[in-house]
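The values are calculated or read from the model by the stated rules, or taken from the named source; none is laboratory data. Worth saying up front: this structure is predicted, and the values here are computed from it rather than measured. Cβ: placed from backbone, ideal geometry, glycine included. Neighbour counts: every protein chain shown.
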Ligand code: SF4
């Protein structure tokens, strides 16, 4: 199949019934990527969270709001970006009525990789930015170190790639350090913005 012929809507429908790993069972639904089919930039996060699992859309919860703020400050409109995750079902553990995020395993990332590859082949973005260590390692391998390599423009499979933190990380730092953490995320996204063709 020619890459130009890959239909994102068809992929989305197919992914909705994916059972390649066990994460589909307790989750509400597949959270496929979203955004313009010819976006110049693809943002890749780790996995959907609680709110995303319910809404069926990526980055609509608290971390999504942080991302919106950071993108806006970096001069990137959310509407110009294709947003997705390395793993498309929410992995969690139940604590009473709450569903707590559980980091996806290597087997989940591997099982889900074909969907991400299909999204990349369909959208063909000029640049990719990964959000968080899990997403970065999913694309760049286990040796990648986000702390020392974030914000750098890397060559990855013929594209330019910048790795930065996941916006949920901003929410986990102490309140007094939050502005600084957000500013660092914005600075990384400004590096990404400079890659706009
Ligand atoms: S996480 Fe990915 S591979 Fe696993 S069932 Fe969901 S869509 Fe399929």
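If you check 66, 60, which single one turns out to be more than 24 Å from residue 22 (Cβ to Cβ), more than 11 Å from the chain's Cα centre (by Cα) and assigned to a helix (DSSP H, G or I)? It would help to see each step written out before you state the result.
Details: 60 fails: assigned to a helix (DSSP H, G or I).
Selected residue: 66, the only one of 66, 60 that is more than 24 Å from residue 22 (Cβ to Cβ), more than 11 Å from the chain's Cα centre (by Cα) and assigned to a helix (DSSP H, G or I).
Report the residue count in the stretch 127-166 for those that are part of a strand (DSSP E or B) and touching a strand residue (DSSP E or B) at 6+ places or on another chain (Cβ under 7 Å). Spell out how you get there, then give the answer.
At the first step, the residues of the stretch 127-166 found to be part of a strand (DSSP E or B) are 127-131, 153-156, 159-164.
From the residues that got through so far, the ones that are touching a strand residue (DSSP E or B) at 6+ places or on another chain (Cβ under 7 Å) too are 127-131, 153-154, 156, 159-164.
Qualifying residue count for the region: 14.
Among all positions in the stretch 31-45, there is no residue which is over 30 Å from residue 190 (Cβ atoms) and either within 11 Å of the ligand (Cβ to nearest atom) or in contact with a strand residue (DSSP E or B) (Cβ under 9 Å, 6 or more places away or on another chain) (or both).
What are the residues in the stretch 89-99 that are within 13 Å of the ligand (Cβ to nearest atom) and either in a strand (DSSP E or B) or touching a strand residue (DSSP E or B) at 6+ places or on another chain (Cβ under 9 Å) (or both), if any?
90, 91, 92
All of 23, 83 fail the test of being buried (at least 22 other Cβ atoms within 10 Å of the Cβ) and within 11 Å of the ligand (Cβ to nearest atom), apart from 23.
Taking the condition more than 16 Å from the ligand (Cβ to nearest atom), closer than 22 Å to residue 82 by Cα and in a helix (DSSP H, G or I), does residue 169 pass? Taking the combined requirement at face value, the residue satisfies it.
What's the total number of residues in the stretch 93-142 that are farther than 25 Å from residue 154 by Cβ and touching a helix residue (DSSP H, G or I) at 6+ places or on another chain (Cβ under 7 Å)? Of the residues in that region, 1 qualify.
Would you point out the residue of the stretch 100-113, among those that are in a helix (DSSP H, G or I) and free of Cβ contacts under 8 Å to residues at least 12 places away in the same chain, that is surrounded by the most Cβ atoms within 10 Å (Cβ to Cβ)?
Residues of the stretch 100-113 that are in a helix (DSSP H, G or I), as a first pass: 106-113.
If we keep only those that are free of Cβ contacts under 8 Å to residues at least 12 places away in the same chain as well, we get 106, 110.
Details: 106: 11, 110: 13.
Restricting to residues being in a helix (DSSP H, G or I) and free of Cβ contacts under 8 Å to residues at least 12 places away in the same chain, the top hit is 110.
Under the condition of being at positive phi and in a helix (DSSP H, G or I), the residues counted in the stretch 1-57 number 0.
Screening residue 184 against (1) over 17 Å from the mean Cα position of the chain (by Cα); (2) over 18 Å from residue 45 (Cβ atoms); (3) more than 16 Å from the ligand (Cβ to nearest atom) leaves a single unmet condition, (2). For the stretch 56-68, the tally of residues that are more than 15 Å from the ligand (Cβ to nearest atom) and either under 13 Å from residue 101 (Cβ atoms) or surrounded by fewer than 17 Cβ atoms within 10 Å (Cβ to Cβ) (or both) stands at 5. Every listed requirement among (1) out of contact with any strand residue (DSSP E or B) (no Cβ under 6 Å at 6 or more places or on another chain); (2) away from the ligand (no atom under 15 Å from the Cβ); (3) modelled with pLDDT of 95 or more is met by residue 3 save one, (3).
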